[in-house]
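Beneath this line is the structure, given in structure tokens, with notes to follow.
The values are calculated or read from the model by the stated rules, or taken from the named source; none is laboratory data. Note that the structure is predicted; figures quoted are calculated from it, not measured. Positions of Cβ are backbone-derived with ideal geometry, glycine not excepted, and every protein chain shown enters the neighbour counts. Remember, those area values only see protein heavy atoms, side chains included, never the ligands or the DNA or RNA. Shrake-Rupley method; radii C 1.70, N 1.55, O 1.52, S 1.80 Å.
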Amino acid sequence: MRLPSIRFLIGLGTVIVVLVAGVVLYTTLGKKKDDNTPAATPDTTLTCLGGSEKSELMADAKVRQLLKDKYHLTVNFQALGSYDQVQLSTDELNKRKVDCLWPSSASAQAVFEAQHQGLVRAENVLQSPEVIYAGPKGTAALMGKQLVQQRGNQYYIVNMKALLVEYIAKRQTWESINANGLNGPITVSSTDPARSNSGFTLAQLELNILATDDVFSAPNLDQARKALPKMRELYDAQGLQARSSDSGFQQWLTQGAELKAPLYAGYENQLIQQIAAAGANSASILKNVRVLYPEPTIYSDHPILALNADASRFIDAMKDDEIQTIAWRQYGFRSAVKVGINDVSVFKDINLSDQIRTTAPPAADVTLALLDCMKDAKKCQ
């Protein structure tokens, strides 16, 4: 038997080496060319303008870490009133390099969409009902007039229209309804509705009640215009008001609660956030505060308006189960996207309602007319 020559074996080995090298090179290059696996998500910093009531949530170390580690996002959150942010011009948004807006109202979103184009994506991720904060004396007096009803441990304003028309508009006093220790005209205080959404949500609810025969209906523009002079009277009766939801509620609590203003409109989450932060000292807050749920009330949605694709990632990130749970348990924001997170039994001492009757806020044209009226009395005619 004749053995292969050394030259032949060397040649064959060279061919094999070349073939193997070619296969490896082809596999590597081909994989890079044809593999559809997405590249690693880049680290991105976003600038987002949002309502002040979300400042603490967005400063939370755990939330910031989750955004960075899981979603590669760092969010530069800047507090600004809902209607101030959605009425910024496109040029101003570009100048400030804004990636997203985070107002505290679906109505604010509607205003933005009516005045701008190019919105990449918008989705509501959090929500909080508008409530009226009161103290024990004011609550007892309103119950005596059948305006407030207690069911279990929760309190409901069952005749918001009578409260507005028969008591507030007619300038009745707390003394006239036997509110022991409370003085002055009956009003519902709030932040400045021309600047802050918690105050403006109250104004929207009042407009729904005053402009229509059905408190569960939002008025059209013609109905709204007839009620605007009365809305201005309610606005003027409040006097000087805080400009932001966060600072307004803090002032109400620290300056005596019902002794400062027997009725104060705000978000449900504001009290929850205070109680969570106070921990063992929360009893001193709760003994002076009652949460009254108007029937109906308006839910304040918190939609994120993404102005580019990177900001769209922020929407997805804020829907994360862990972030949503922190938003509820530490800051009182009800989830708008996750069923089962809004367990009111978590807050055993606050007496929150798990079933809330709501009405829809007005459309964009009515919202703008009301906003103009709050800013300028001449536009209420």
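Here are a few things to note about the model shown:
- Strands (runs of 3 or more DSSP E) completely within the stretch 238-319 that count 2 or more residues being farther than 22 Å from Asp99 by Cβ and acidic (Asp, Glu): none
- Tally, over the stretch 240-253, of residues that are open to solvent by 40 Å² or more (accessible area, probe 1.4 Å), small (Gly, Ala, Ser) and in contact with a strand residue (DSSP E or B) (Cβ under 9 Å, 6 or more places away or on another chain): 0
For every residue, the table says whether it meets (1) touching a strand residue (DSSP E or B) at 6+ places or on another chain (Cβ under 8 Å); (2) more than 30 Å from Ala377 (Cα to Cα).
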{"position": "Ser217", "(1), (2)": "no, no"}
{"position": "Arg225", "(1), (2)": "no, no"}
{"position": "Gln255", "(1), (2)": "no, no"}
{"position": "Leu259", "(1), (2)": "no, no"}
{"position": "Ile285", "(1), (2)": "no, yes"}
{"position": "Arg290", "(1), (2)": "yes, yes"}
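- Single residue of the stretch 362-380 satisfying the filter (over 14 Å from Leu221 (Cβ atoms) and in contact (Cβ under 8 Å) with a residue 40 or more places away in the chain) that is most open to solvent (accessible area, probe 1.4 Å): Lys375
- Verdict on Ile323 being open to solvent by less than 10 Å² (accessible area, probe 1.4 Å) and touching a residue at least 60 places away in the same chain (Cβ under 8 Å): yes
- Condition met for Thr201 (among the β-branched types (Val, Ile, Thr), within 28 Å of Ala106 (Cα to Cα), open to solvent by less than 40 Å² (accessible area, probe 1.4 Å) and in contact with a strand residue (DSSP E or B) (Cβ under 7 Å, 6 or more places away or on another chain)): yes
- Qualifying residue in the stretch 273-296 (condition: among the small types (Gly, Ala, Ser), in contact with a Leu (Cβ under 7 Å, 6 or more places away or on another chain) and surrounded by 17 or more Cβ atoms within 10 Å (Cβ to Cβ)): no
- The single residue among Asp69, Asp84 that is modelled with pLDDT of 95 or more, open to solvent by 10 Å² or more (accessible area, probe 1.4 Å), in a helix (DSSP H, G or I) and acidic (Asp, Glu) turns out to be Asp69.
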